[in-house]
Structures are given as C-alpha cells and as structure tokens.
Amino acid sequence: MKRYSVFAVAREALRYHQGWGRAWKSPEPKKKYDAIIIGAGGHGLATAYYLGKNHGLKNVAILEKGWLGGGNTGRNTTIIRSNYLQDASAAIYEKARSLYETMSQDLNYNVMFSPRGVMMLAQTQHEIRGYKRTAQANSLQGVSTEFISPEKVKSLVPIINIDGPRYPVLGALWQSRGGTARHDAVAWGYARACSDMGMDIIQQCEVTGIRRENGQVQGVETSKGSIDCQKLGIVVAGHTGVLADMAGFRMPVEAVALQALVSEPIKPCMDVVVMANTVHGYMSQSDKGEMVIGGGADGFNNYTQRGSFHHVEETVRALIETFPIISRLKMLRWWGGIVDMTGDRSPILSKTPVGNIFINCGWGTGGFKAIPGSGWAMAELMAKGHSSLTEEFSLNRFKEGKFIDESVAAGVAH
Ligand code: FAD
Ligand code: PYC
C-alpha cells in the first residue's frame, strides 16, 4: 500500500478543502500525450478544456514555465466586448462574449462575469464616423451595439466631463452586454475543469526545445525532461517568437509591454467601463473600489513584465480632462505584461510549417475577452484540422495580403 507522510496528507486535505482537486498536483509525465499545450494562460487552458469537452481528447498536458495565469491573463484589465469591425473578428469575439455569459455555470466556478456595459468614447469627428460604421457593421453581424449621444453618455457615467476644451465627448459606441470578469478566476476555473477531466497541468516546466522528425512534431524538451506528443499547441502570447524559433519557423509577431495601474479604493462612482481611445486611456471600477486604469502600449519592443512610473503620470494626465475626479486619487500599484502584436492587430490561430504544430497568438492588447472563443476554435482546429472560426486568422493571410485590419477596434493605442 502506498504510504503518505503526515505533511502530504495535510497538504492534500488543504487542497481538497480549497476545492483545487488535482490541479495543483505535480503529476508523473505520461509517456506520450495526444496533445501538449504550451502556456497555461487563459488561451492555453481554454484550448485544453474544449479539446476535452467538445472533442473527447483528454490525454492532454498543459506545460507552464511559471504559474497558472501568471502571464497576461493575470495582468490585464479584464475588459470584455465584441464590438469589432470585420466579420471574422465579430464572429470569434462574440462567440467568446456569449460563452462568458454562462462560464461560471459551465465551469462551476465563479468567474464574476459582470456585463455592466462598455463604452468607447468618440472625442473626434473621425471617431464618430468610425464608431457609427462599427455599430452598423455590428448590427449586420448580430452583435448588439449602438452609437449613443453625449447626453446618454453623461447619464450612464455621471462623473464624466463631456465639455472638455480639448476633447469634448461627442458620443460613444455602447455595448450594454460587454463588461468585465475576474481574470485569475478564468484561468483557475478552466484549470480545475481540465484537471477534473484527467489532464496534467505542469507548472514550473519551461519548454526549452521542440523535437521534430520528417517535418512532424515528436515532442518537447522541458526543464523537467523530455515529453512526447501527437499534437502540439503553442499558446504563449509574448513568447511566441521564442517558441517558433525552437520549432524552426518565424512569426510576424512583436513583443511589447502594455501597462496598467490601480488607484486607492473609493466609493462606487462608475458602474460601466469607459475607453477613451483618442487620449489613450480607459477606466473601470473594481469590486474593491479601485479605479482600474490603462493606457497605450510601450513604443519599443521588450520582454520586461513591469510597470514604469512615467507611464502612470502620462496615463492619468491623459484622462484628467474627461475624468476630473482622478486628479486627486492616489495610485496604488502599476504593472506590465508582454503582449504579442501582429501588423493588422488581429490574432493568429493556425497550422504551422511543421506538421501537427498549431499556434494561437497575436491577441495583443485585447485577448482576455477572447479566451473562451479562442479556446473553442483552437480546440476544433487541433482536433479536426479546420474550424470556421479560425479560417481567416491563419498564417497564410500574411502571405496573401488578406489582412483583418482591427487597429481601431483594438481600442488601445500601439
Ligand atoms: P498569457 O496569459 O501570457 O499566457 C501565456 C503563458 O505561456 C504564460 O503563462 C507564460 O509563462 C507561458 N510560457 C511562455 N513561454 C513558455 C515556455 N517556454 N514554456 C512554458 N510556458 C511558457 N485584453 C482584453 O481583452 N481586455 C483587457 O482589458 C486587456 N487589458 C490588458 C491590460 C494589460 C496591462 C495587458 C498586459 C494585457 C491586456 N489585455 C487585455 C490582453 C490580454 O491580457 C492578453 O491578450 C491575454 O491575456 C493573452 O492570454 P494568453 O493565454 O495568450 O497569454
Ligand atoms: O481590448 O478592450 C480591450 C482592452 C482594454 C484595455 C486593454 N485592452
């Protein structure tokens, strides 16, 4: 009979009590997995989850060099919306938004989805034209958005100053079923569900090499040893170029830091999400009362997952005309994540030049909102070799010039 130390029994009891089940166990690597996913961010975990749930593929490992959700998934400002312009984008982002509506029930884990409404302010004539066009496109795509007047903006967000001298509020693109969710809970919820299906989530396990033979993937080298697999999904956001290099191909993706910050907690004063893209700022209020604030991406490539003091000053300065109350707030924390930017600001969900290696990346500044839709589509691509949701997001579009330009809808300046 297997014997356990008192310490091990106590640890397992604590895990059980916390409801984590097998997720935190460090499993024995199996000999060969049907699929390995590199990266336990939201997109990697959701891919694994739908491989199991929708396609019955459960002999799956998810390898993570750090900890669950420790990349951009745990660093973002949690805005969820699907108000994109192009049909392919609207389809995958709306699929994701609709999956968020029932995610807590599906995963039996409270991800605190809050469809409080998201508005993108129009503060120039150009933005009015752009957002009216998007609202029109969205109505044809079955995505519920509308262009609203400055007065409606003011009634939804009483703390806003719509008469700013430089950037008055001229209207907004409003998505009433957009909102926010608790980012770590999304990662934890998917992780627990994957674990419950018998999948192995191996943290502190960095992939250091990708083995190939005759143009087909064989397995990976990791900091914990070598593991074989039938199929491989690379889902590593800002580290896409590093992993692609290991597999012997190049990706049209750049790594850039995106920063955010939160203020001291204050009384509830704003119950919708506001994005002011012309001035490069956006804001929402967390359940704790902190104002969650973000701005544009850094103007140079880097791998530094840190915030910087000058960014706090620049972002707050940009928003003060529209939100005068924040001039007197103390800022508590700031941080950064490394986002994976493509030239057309749209993601890549694709086969690669190596057989049975699939890649999911390029979500840039806006992939939190896409996690369930992306996982759903990527799982279908990996299981069946094709998915209607990923077709236009393949790598070929860069060869063929079929870009999916979403530089306006991406919302965050870059
Ligand atoms: P990640 O969560 O970064 O996961 C990738 C994982 O791969 C990481 O955990 C990493 O450790 C792992 N990894 C890398 N290399 C290896 C290796 N060699 N071996 C094993 N594991 C490896 N999006 C929105 O929709 N709304 C927002 O409001 C929003 N705000 C943002 C604010 C900030 C400050 C930032 C930084 C991003 C924001 N985003 C937002 C973007 C969003 O966070 C990302 O697009 C999304 O989280 C990407 O998820 P992912 O799973 O692809 O990547
Ligand atoms: O994609 O909505 C978004 C977003 C907001 C802040 C960063 N990304």
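The values are calculated or read from the model by the stated rules, or taken from the named source; none is laboratory data. Worth saying up front: this structure is predicted, and the values here are computed from it rather than measured. Virtual Cβ from ideal backbone geometry, glycine too; neighbours counted across all protein chains shown. Ligands, DNA and RNA are excluded from the accessible area calculation, which covers all protein heavy atoms including side chains. Shrake-Rupley method; radii C 1.70, N 1.55, O 1.52, S 1.80 Å.
Summary table
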read-out	value
Spread of Cα-to-Cα distances over 10 Å intervals beginning at zero, given as percent, for region 268-324	21, 49, 26, 4
Hull-based mean projected area of region 216-274, where the convex hull spans the alpha carbons, in square nanometres	8.1
Within region 159-205, trypsin sites (Lys or Arg not before Pro) in DSSP loop having at most 11 other beta-carbon neighbours inside 10 Å	166
Selected from 400, 264, 94 as most flexible by GNM, with the chain as the system and alpha-carbon contacts under 10 Å	400
Highest-first arrangement of 381-394, 359-372, where packing means the average Cβ count within 10 Å	359-372, 381-394
Heavy-atom accessible surface of the chain: percent carbon and sulfur, 1.4 Å	51
Theoretical ellipticity at 222 nm over the chain - DSSP helices of four or more residues, -39500 (n - 2.57) apiece, nearest 500	-9000 deg cm²/dmol
Convex hull volume per residue for region 54-177, taking Cα atoms only, in Å³	164
10 Å binning of all Cα-Cα separations within the chain, expressed as whole percents from 0 upward	5, 23, 32, 24, 12, 4, 1, 0
Of 132/399; 154/369; 53/369; 288/330; 351/402; 58/231, pairs whose Cα-Cα distance is over 22 Å	132/399; 154/369
Solvent-accessible area per residue for region 68-212 (1.4 angstrom probe, square angstrom)	40
Where region 230-342 is the region considered: accessible area per residue in Å², 1.4 Å probe	44
Peptides ranked, highest mean first, by Cβ atoms within 10 Å: ranges 226-232, 157-163	226-232, 157-163
Rotationally averaged projected area of region 149-258 (alpha carbon convex hull; nm²)	11.9
Rounded tilt (10° steps) of 309-320 against the dominant C-alpha axis of the chain	40
P(r) weight above 17 Å for region 288-409, C-alpha pairs, percent	66
Nearest 10 degrees, 0 to 90: helix 371-384 Cα axis against the chain principal axis	40
Hydrodynamic radius by Kirkwood, which averages 1/r over all alpha carbon pairs of region 93-156, in angstrom	13.8
